[in-house]
Amino acid sequence: MSEGLRTADIERFRDTLSRCLGLQFDGAKSGFLAEVLQRRLDQVGEPTDAYLDRLETAGAPAECAALAREVTVGETYFFRNSQQFDALVDIAPPDRMRANVATRRLRLLSAGCASGEEAYSLAIALRETVGIIGWEVSLRAIDINPGALEKAAGARYSSWALRETPPRTRERWFHAAGRDFVLDPEIRAAVRFDERNLAVDDAELWQPESLDVVFCRNVIMYFAPERAQALIGRIARALQPGGYLFLGHAETLRGLSEDFHLRHTHDTFYYQRKEEARPAPPPPITRSRRDAVNDTQPVADDAWVDMIRDASERVAALAAGSSQPQERQTREPPPNLIGVLDLLKREQFADALNLLRSSAQGDNQDPDRLLLEATLLANCRLLPAAEDACRLLLSIDELNAGAYYVLALCRESVGDSVGAAEHDRVAAYLDPCFAMPRLHLGLLARRAREQDVAQRELALASVLLKREDASRLLLFGGGFNRDSLLALCESALRDCSCAP
């Protein structure tokens, strides 16, 4: 930490960055934040308290822009994640052109455009889209970093920025200028760049139902959960019904929004706004924040996710001979749920299913109860009923990773390995920390003699299994504990390594 800066100063600065830029920095970034704060203090010549007071009370847009130069990462390149551009060309414009045939207008936004590579890639893709001639196409690109926008306006790039650009596209739209490449004026003129802050509700930017396509890639992953949810809400409001949202390949809307359908084509995932928007879910709550909730706070009786976790820990504690889970004080789970999970742990799946059904209270369409029922049905080999439960669940919670995983197991059981792998991929996308779909993908690939795919998926599954939540292992492990699943994974990896 820089001399003269206190830990409290860094914490205030961290909170201020979250408020004015929406960005979230963990404790490992404290040294970096201290350096940034010290540089800004030296630049503006203010005492620490006065500077932080000004940011907290006035917002200071110019200073927020200066901070954005310091803390945002803008490394990108043309046609990054090219499958998304393939999906854009083949799916989004034709669909939106059918919807907008009366106005013959298309409106696109590149949100968090950095130095312009994404926005210009969109312009090139649209320029080469069949049937686009004669349409009024508006492409706007926004970023909070003025330095990045200056580079975008110059439209001069290194060969490294064009490393994924198809040769034909490079030859058509770029001109050599020494060691760099300059973009053709026609494409430059197709994009309007603006300095905007995605962390604030900008009425001019987010006009209701004003956009057809939004690219907002590798942005929400850096936002605090509540800021990410607010941004997605604004995007949903600004998109026309049926409009498209493209996120970064490691980003999902799981837990952030119920306003979109998940789409999967061209070996990539993206979203389409539903015809009718639904109320936003509560802000995502991390495990540490959940545990910190005051014990006297009332908890909904149908909070099955927490009850399953608590009950599974209770089962584990009882099996170990302890009366309470170590270092954890929670409300006591209902005895019937403890009984269901105890039977599940002992692989008495039919008895667990009967107990669950006989003790069900309230809404039989509760998503978490349906997931537990679907898991038990699959373990009982009642596959059509398990698939029905999963599809009912997905009609309620379209982004439920567990439902897709159970569907994958059902599909494999009836010999549909292609469908099984597809559902596994969706589950793994929706929840990148979910070990079981990765393990299942690896085993399916090994059986199909796709050794490279099998090794990649099994290696990732091995890492994820070591830190997988115990309650998920109980639900989805099919009676196997963590050590058994790891042994299975490592054995399959060895088989792949020995295969010719």
Got a number for residues in the range 216-246 being closer than 21 Å to PRO432 by Cα, touching an Asp or Glu at 6+ places or on another chain (Cβ under 8 Å) and not β-branched (Val, Ile, Thr)? 3
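Considering the range 128-146 alone, what residues qualify as being outside any loop (DSSP other than H, G, I, E, B) and either crowded, with 17+ Cβ neighbours inside 10 Å or free of Cβ contacts under 8 Å to residues at least 12 places away in the same chain (or both)?
Our first condition is that a residue be outside any loop (DSSP other than H, G, I, E, B); within the range 128-146, this holds for 136-143, 146.
Those that are outside any loop (DSSP other than H, G, I, E, B) and either crowded, with 17+ Cβ neighbours inside 10 Å or free of Cβ contacts under 8 Å to residues at least 12 places away in the same chain (or both): VAL137, LEU139, ARG140, ALA141, ILE142, ASP143.
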Checking the conditions here, which among ARG127, ARG140, ARG163, ARG98 is charged (D, E, K, R), in contact with a strand residue (DSSP E or B) (Cβ under 8 Å, 6 or more places away or on another chain) and assigned by TED's automatic domain parsing to the domain that holds THR268? ARG140
For the range 360-374: of the residues being within 25 Å of the chain's Cα centre (by Cα) and buried (at least 22 other Cβ atoms within 10 Å of the Cβ), which is modelled with the highest pLDDT? ALA374
Kindly check whether there is at least one residue in the range 53-75 that is part of a helix (DSSP H, G or I) and in contact with a strand residue (DSSP E or B) (Cβ under 6 Å, 6 or more places away or on another chain). no
(1) touching a residue at least 40 places away in the same chain (Cβ under 8 Å); (2) in a loop (DSSP other than H, G, I, E, B); (3) of a type outside the set (Val, Ile, Thr) all hold for LEU106 apart from (2)
Which pairs do you get when a residue that is free of Cβ contacts under 8 Å to residues at least 12 places away in the same chain and farther than 19 Å from ALA114 by Cα, found in the range 195-224, comes within reach of a residue that is buried (at least 21 other Cβ atoms within 10 Å of the Cβ) and among the aliphatic types (A, V, I, L, M), reach meaning Cβ atoms under 6 angstrom, with the pair 6+ apart or on two chains? none
Tally up the residues in the range 98-110 that are hydrophobic (A, V, I, L, M, F, W, C) and surrounded by fewer than 24 Cβ atoms within 10 Å (Cβ to Cβ), please. 4
Please go through the range 69-85 and pick out each residue that is touching a residue at least 60 places away in the same chain (Cβ under 8 Å) and among the charged types (D, E, K, R). ARG69, ARG80
Looking across the range 185-204 at residues that are in a loop (DSSP other than H, G, I, E, B) and in contact with a strand residue (DSSP E or B) (Cβ under 7 Å, 6 or more places away or on another chain), the single one that is nearest to GLY233 (Cα to Cα) is LEU198
Has the range 244-257 got any residue that is in contact (Cβ under 8 Å) with a residue 60 or more places away in the chain, in a strand (DSSP E or B) and crowded, with 21+ Cβ neighbours inside 10 Å? yes
Check LEU88 against each of (1) closer than 26 Å to LEU149 by Cα; (2) without any contact (Cβ under 8 Å) to a residue 12 or more places away in the chain and name the one condition it does not meet. (2)
Restricting attention to the range 147-174, the residues that are assigned to a strand (DSSP E or B) and of a type in the set (A, V, I, L, M) number exactly 0
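Taking LEU122 as the residue in question, decide whether it is surrounded by 15 or more Cβ atoms within 10 Å (Cβ to Cβ) and either more than 24 Å from GLN207 (Cβ to Cβ) or in contact with a helix residue (DSSP H, G or I) (Cβ under 6 Å, 6 or more places away or on another chain) (or both). First the steps, then the outcome.
Working: surrounded by 15 or more Cβ atoms within 10 Å (Cβ to Cβ): yes; either more than 24 Å from GLN207 (Cβ to Cβ) or in contact with a helix residue (DSSP H, G or I) (Cβ under 6 Å, 6 or more places away or on another chain) (or both): no.
Answer is no for this residue.
Taking ALA459, is it more than 25 Å from SER359 (Cβ to Cβ) and out of contact with any Leu (no Cβ under 6 Å at 6 or more places or on another chain)?
Numbers: more than 25 Å from SER359 (Cβ to Cβ): yes; out of contact with any Leu (no Cβ under 6 Å at 6 or more places or on another chain): yes.
In short, yes.
Please find, among PHE181, PHE174, PHE223, PHE215, the residue that is within 30 Å of ALA401 (Cβ to Cβ), out of contact with any Gly (no Cβ under 8 Å at 6 or more places or on another chain) and of a type in the set (Phe, Trp, Tyr). Before the answer, list the steps.
Numbers: PHE181 fails: within 30 Å of ALA401 (Cβ to Cβ); PHE174 fails: within 30 Å of ALA401 (Cβ to Cβ); PHE223 fails: out of contact with any Gly (no Cβ under 8 Å at 6 or more places or on another chain).
PHE215 is the lone residue from the list that is within 30 Å of ALA401 (Cβ to Cβ), out of contact with any Gly (no Cβ under 8 Å at 6 or more places or on another chain) and of a type in the set (Phe, Trp, Tyr).
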Failed item in (1) touching a residue at least 40 places away in the same chain (Cβ under 8 Å); (2) surrounded by 16 or more Cβ atoms within 10 Å (Cβ to Cβ), with GLY479 passing the rest: (2)
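The values are calculated or read from the model by the stated rules, or taken from the named source; none is laboratory data. Just so you know, these numbers come straight off a predicted model, no measurement behind them. Reconstructed Cβ throughout: ideal geometry from the backbone, glycine too, with neighbour counts over all protein chains shown.
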